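The structure under discussion appears below in the form of structure tokens.
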Amino acid sequence: MNSGLLIKNGRVIDPANGIDKQCDVLVVDGRIAEVGEKTGDRRQETEDRRQKTGDRRQETENGRTVIDAAGKLVVPGLIDIHVHFREPGDEEEETIASGSEAAVAAGFTSVVCMPNTKPVIESETDVEYVHRKGRQARKTHVYTMGALTKGLQGVELAEMGMMAEAGALGFTDDGRGVQDPAVMLRALKYAQMFDVFIAQHCEDESFAGDGVMNSGYFSTILGLPGIDALAEEAMLWRDIQLIRKVNVRYHAQHISTAGSVELIRAAKADSLPVTCEVTPHHLLLTEDCCSDYDTNYKVNPPLRTMKDIEALRRAVGEGLIDALATDHAPHLQSEKELEFLAAPFGIASLECALGLYVKALIEPGIVDWPGLISLMTNRPAKIIGIDKGTLSKGRQADITIINPDAEYEIDVNTFRSKSRNCPYNGWKVKARVEKTIVQGEVRFDG
């Protein structure tokens, strides 16, 4: 371990501790040692060194590595609680190693993998496999969820207790909603026993059918089967009633409709332990993007209407949304080149997520930087129950340094991810990740 790291002159934003000011962050032995006022005005000295050595941005002082973060944001390492790294089973689309590399390039120091791999993550051995692969990649912290039901079939509960002991953070059949309410109720009771949370892909298949996009005007004129908003809202309503019976932490994944926002609002008003997340695509893209049959816009839940986007954005501004999550879903180009009906659902957006959130939320004035960082650090950490998302003294030094003014064009050909199924290619966005520090070590240097 290095003798220390000093990040100087940055705007430190740590929402968990109410910090938003220019100060320094000292890291010793991989942990936060101090966050405080500048230890001395060495800016001129730094400038002199730059003139001699070039703009290296990183110097050494008293045996410590020094990073000059003037004009930059210094924030807790970003957390994405919903990614698909495809391993085991579809390593040609993504591996835990390639996904981890993409994550640190995007500023994420912790990610949570979904269990709908091949085979499904449904035993303690499966959980340990993901964690071991994450450690071997040595980029970001890799966590995993376990499956709620065996094979994601919604019939028989998976070994939740054993997976929880192995380190699974929670349980979900992501990609499918649990259709049988009795099975879901049983899962909630088990989750209460093991003090873990349940996450749900809210989709009632009796309403969704074989739909491939939002049900409405565009699905009609395009001749594509639609997924009605009721598919999401009916299951979310049902689950909220179950939570009234079994008081256990429940997380609604990637909500996409105005109706879901109102259901979440009512549940929170009743003090139920319900949280939710929203994705970049549901904050930025509408169903009419599918008009050219471009399968990069095929995602589940589907892109909805501008009314839904406006409702989701308002909900973020009101604090109803608890976390921002990418639902990073990489696929092969050959799969996405299939016709719209046959192509898989999913968007690969991990590496451009921060810029997209800025475009969707900061530029319209819906949240400020502390608000955005909170949705990407301490609030998701609380949902999944990990001791991260803050720069508190003694915590592991997971830190992201962001240039908030840097403008760039999204180029999928530069992605570290193995996949390119991203509809944002060519978009111009702001806010670039400059450094990602994990356990006090710079794991990405842009």
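Our coupling estimate for the range 226-242, obtained by passing each phi through the Karplus curve with A = 6.51, B = -1.76, C = 1.60 and θ = phi - 60°, is x, 10, 5, 4, 4, 4, 6, 5, 5, 6, 4, 4, 4, 5, 4, 5, 5 Hz, Gly and Pro reported as x. Between helix 306-318 and the chain, what is the angle of the helix's C-alpha long axis to the longest principal axis, kept within 0 to 90° and rounded to the nearest 10? The helix 306-318 is inclined about 50 degrees to the chain.
From its DSSP helices (H runs of at least four residues, each -39,500 (n - 2.57)), the chain gives a residue-normalised ellipticity at 222 nm of -8500 deg cm²/dmol.
Sorting Phe85, Phe345, Phe218 from the fewest to the most surrounding beta carbons within 10 angstrom yields Phe345, Phe218, Phe85.
Close amide H pairs (under 5 Å, H built 1.01 Å from N) link His251 with Ile198, Ala199, Gln200, Thr275, residues at least 5 positions away or on another chain.
Overall shape: oblate for the range 133-240, with the ratio a/c of the largest to smallest alpha carbon gyration tensor axis at 1.5 or above and b/c at least equal to a/b. Once the Cα atoms are used to define both axes, helix 124-137 deviates from the longest principal axis of the chain by about 30 degrees. Put simply, when 400-406, 28-34, 296-302 are sorted by average Cβ atoms within 10 angstrom per residue, most first, you get 296-302, 400-406, 28-34. Here are a few candidate values for Rg and Dmax of the Cα atoms in Å: (1) 24.0, 85; (2) 21.7, 70; (3) 29.2, 96. Which one was actually calculated from the structure I just gave you? Step by step, Rg and Dmax of the Cα atoms in Å for this structure corresponds to label (2).
Note on the range 399-446 and the range 182-247: Cα centroid distance 33 Å, given to the nearest whole angstrom.
Across the range 264-278, computed HN-Hα scalar couplings (Karplus, 6.51 cos²θ - 1.76 cosθ + 1.60, θ = phi - 60°) run 5, 4, 5, 5, 5, 4, 8, 6, 7, x, 10, 10, 8, 10, 9 Hz from first to last residue, x flagging Gly and Pro. Listed by chain and number, the lysines whose alpha-carbon sits under 27 Å from that of Lys245, ignoring those within fewer than 8 places in the same chain, are Lys150, Lys189, Lys268, Lys382. Exposure proxy for Asp173, Asp368: other Cβ atoms within 10 Å of each Cβ, ordered fewest to most, give Asp368, Asp173. For the chain, the longest principal axis of the C-alpha atoms and the axis of helix 181-194 are separated by about 30°. Scanning residues 5 or more positions from Cys422 or on other chains, those with amide H under 5 Å from its amide H are Ala348, with H placed 1.01 Å from N in the peptide plane.
For the set Lys298/Lys435; Lys336/Lys388; Lys72/Lys133; Lys336/Lys430; Lys133/Lys388, the pairs lying more than 24 angstrom apart at their alpha carbons are Lys298/Lys435; Lys336/Lys388; Lys72/Lys133; Lys336/Lys430. For Arg443, the residues 5 or more places off, or on other chains, whose built amide H falls under 5 Å of its own are Thr436, Ile437, Val438.
For the range 421-430, putting each phi into the Karplus relation 6.51 cos²θ - 1.76 cosθ + 1.60 with θ = phi - 60° gives couplings of 6, 10, x, 9, 4, x, 5, 9, 9, 10 Hz, in residue order, rounded to whole numbers and with x for Gly and Pro.
Taken together, the values in this text are just the output of simple stated rules run on the coordinates, not laboratory data. This one's a predicted model, so the numbers in the text were calculated from it and none came from an experiment. Here Cβ is always computed from backbone atoms with ideal geometry, including for glycine, and neighbour counts include all displayed protein chains.
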